[in-house]
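Some notes on the structure that comes next.
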Amino acid sequence: MSDPMNVLAPEHRRLRIGDAWRDAAGGATFVVEDPATGKTIAEVADADVVDGLAALDAASEAMAEWAATPPRKRSELLTATYRALTERSEEVARLITLEMGKPLAEARGEAAYGAEFFRWFAEEAVRVEGRYNTAPAGGYRILTVPKPVGPCVFVTPWNFPLAMGARKIAPALAAGCTTITKPAAQTPLTMLFLARIMEEVGVPPGVVNVVTTKRAGEVVSALLADRRTRKLSFTGSTEVGRVLLRQAADNVLRTSMELGGNAALIVCADADLDVALDGAMVAKMRNIGESCIAANRIYVEEPVREEFTARFAERMGALSVGHGLDDGVDVGALIDEASVTKIDELVADAVNRGARVLVGGERPDGPGHFYPPTVLVDVPEDARMLEAEIFGPVAPIISFTSDDEVMAKANDTEHGLVGYVFTRDLQRALRFTEGLETGMVGINRGLISDPSAPFGGVKQSGIGKEGSHEGILEYLDVTYAAIDLP
Ligand code: NAP
């Protein structure tokens, strides 16, 4: 197979600003590594504040014309992006795997998922509507006019290098906004490839700018401090989200925050255990567990605990670990050594407090950042992994005996992104859906991500929604006109 890097020519491993691909003003670069080998795969431009502001110049200059572009035209450009991404999905997938480490099958899934945001928002672009009605007291009319919010700054994480940017860029463009995306420093290549595709299909210069940098703090602060920026959408950790919310407050920016999670997955005794096992495997192991919606805590009702645990452990133990580009690999490399160390420490902490390891639990030697699929039982309530985002292939199993007990435990966290419930009892499923303090619930399903559904958390998991009709509303302001008409 050819080198996945061939799809991104050296001239496109630079900053995408306006109509140009250019080096950082200071000439700096940084390297991108393959997490499965630790080897350098590319060098990209390392933007500083000057470059960030140049991207904002471009986004601001392009704003009026893009906002005035007919919705149908904007829609067609989004459709063209969807088609190009779909035609080139294998190239996109291989690039994702190379820089991020996930197995190729998962990267193909992300390529399709990311592309779908462009199709969905191409369809939404032509359905932005205001309304006209008589004021309740009579005497005048109320007219609402939706308008694009303006130039947007996007900051995205490394775990879904395409999809996390796509689900911001597509609705923003649909609404008539221009964009600057700062991808994660560990995975900048896929976003550059997307910008190149969008240039090729004819998205006008300045509408999609991409700024790669190792100096996220400086560059993003400068962008948020500039009054031309009108919106921040961030996906990443709650910790960084808090910092950016504070910065955004100075300019009273509109914000969408997609932050960390600590999902509880609840298996009730009446569940179809085959369905629950499939769901738990997906919810835990999709993206190697490096997902904000990964099942972080698996609660199993006592009567089925033994059977579920044995079958789940068997399936986890059968997964093969290796380079994501190799055939038959289920579990690729984690993003970096710090991640492996963090996970190893969480496992050691749980074991020190009395947990037992059924599968995995041993950090391997050798190159690359690997950790084996791991299942722990008898995990005590004070184990750190029940509170921290594990972000890896480790599954703690805890038993429960009543719905009230498990609901209280599931909600005992600052996070509120998603919960999963497996039961054949409809009333029970609905009680959990109403009682779980989360923005999303998977009922007898471990996979909930869908561009046509509103994705987002409550509590400290975030503010706002991505995808669905709600997704485009995040990029629209509403001007209301009072029209005198006795
Ligand atoms: P992160 O450390 O918060 O980084 C996310 C992005 O923020 C990266 O582009 C990073 O740049 C940038 N950044 C870091 N510090 C910054 C600062 N001071 N100012 C401005 N930007 C800054 O998160 P991550 O490790 O990449 O991603 C994992 C986290 O994302 C997890 O907590 C996960 O739950 C969350 N996540 C949430 C969702 C959701 O939809 N709710 C989806 C996916 C992931 P650098 O790369 O240069 O550090």
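The values are calculated or read from the model by the stated rules, or taken from the named source; none is laboratory data. From a predicted model like this one, the values you see are computed outputs, not experimental measurements. Because the Cβ atoms are built from the backbone with ideal geometry, glycine has one as well, and the counts that use them run over all protein chains shown. Each accessible area value is taken on the protein alone, full model and side chains, heavy atoms only, with ligands, DNA and RNA left out. Shrake-Rupley method; radii C 1.70, N 1.55, O 1.52, S 1.80 Å.
Round to the nearest 10 and give me the degree value, 0 to 90, for the angle of helix 238-250's Cα axis relative to the longest principal axis of the chain.
20
Looking at the stretch 198-255, which trypsin sites (Lys or Arg not before Pro) are DSSP coil and have at most 13 other C-beta atoms within 10 Å of their C-beta?
R227
Please give the residues of the stretch 414-432, grouped as numeric ranges, whose backbone N is less than 18 Å from a label point set 7 Å along the Cα-to-Cβ vector of R242.
It comes to 414-417, nothing else.
Tell me the relative contact order for the chain as a rounded percent, counting alpha carbon contacts under 8 Å between residues six or more apart.
In percent, rounded to a whole number, it is 18.
Sort out for me the Cα centre separation of the stretch 130-185 from the stretch 377-400, rounded to whole Å.
The stretch 130-185 and the stretch 377-400 have Cα centres spaced 37 Å from each other.
Taking Cα atoms, how many degrees apart are the long axis of helix 89-100 and the longest axis of the chain, rounded to 10 and kept between 0 and 90?
Once rounded, the angle reads 60 degrees.
For the stretch 71-87, just list the computed ³J(HN,Hα) in residue order, Karplus coefficients 6.51, -1.76 and 1.60, θ = phi - 60°, integers in Hz, with x standing in for Gly and Pro.
x, 4, 5, 4, 4, 5, 5, 5, 5, 5, 5, 4, 5, 5, 5, 5, 4
For each pair in K39/K102; K182/K465; K231/K342; K284/K342; K182/K231, compute the distance between the two Cα atoms and list the pairs where it is over 25 Å.
K231/K342
Would you tell me the accessible area of F30, worked out with a 1.4 angstrom probe on the heavy atoms of the protein chains, in Å² to the nearest 10?
10
Given a cut-off of 39 Å, what percent of all Cα-Cα pairs of the chain lie beyond it?
Value for the chain: 24 percent of Cα pairs lie more than 39 Å apart.
Please report the antiparallel percentage of DSSP beta bridges with both residues in the stretch 264-443, rounded to the nearest 5.
Just about 15 percent of them are antiparallel.
For the stretch 264-443, with all protein chains present and a 1.4 Å probe, just round the carbon and sulfur fraction of the accessible area to a whole percent.
Of the solvent-accessible surface of the stretch 264-443, carbon and sulfur hold 47 percent.
Considering Cα pairs under 8 angstrom that are at least six residues apart, work out the relative contact order of the stretch 264-443 and quote it in whole percent.
For the stretch 264-443, the relative contact order is 28 percent.
Only bridges with both residues in the chain count here: give the DSSP antiparallel percent, nearest 5.
40
With axes computed from alpha carbons, what is the tilt in degrees of helix 163-175 against the longest principal axis of the chain, rounded to the nearest 10 within 0 to 90?
30
What number comes out for accessible area per residue over the stretch 264-443 if the probe is 1.4 Å? Units Å², please.
40
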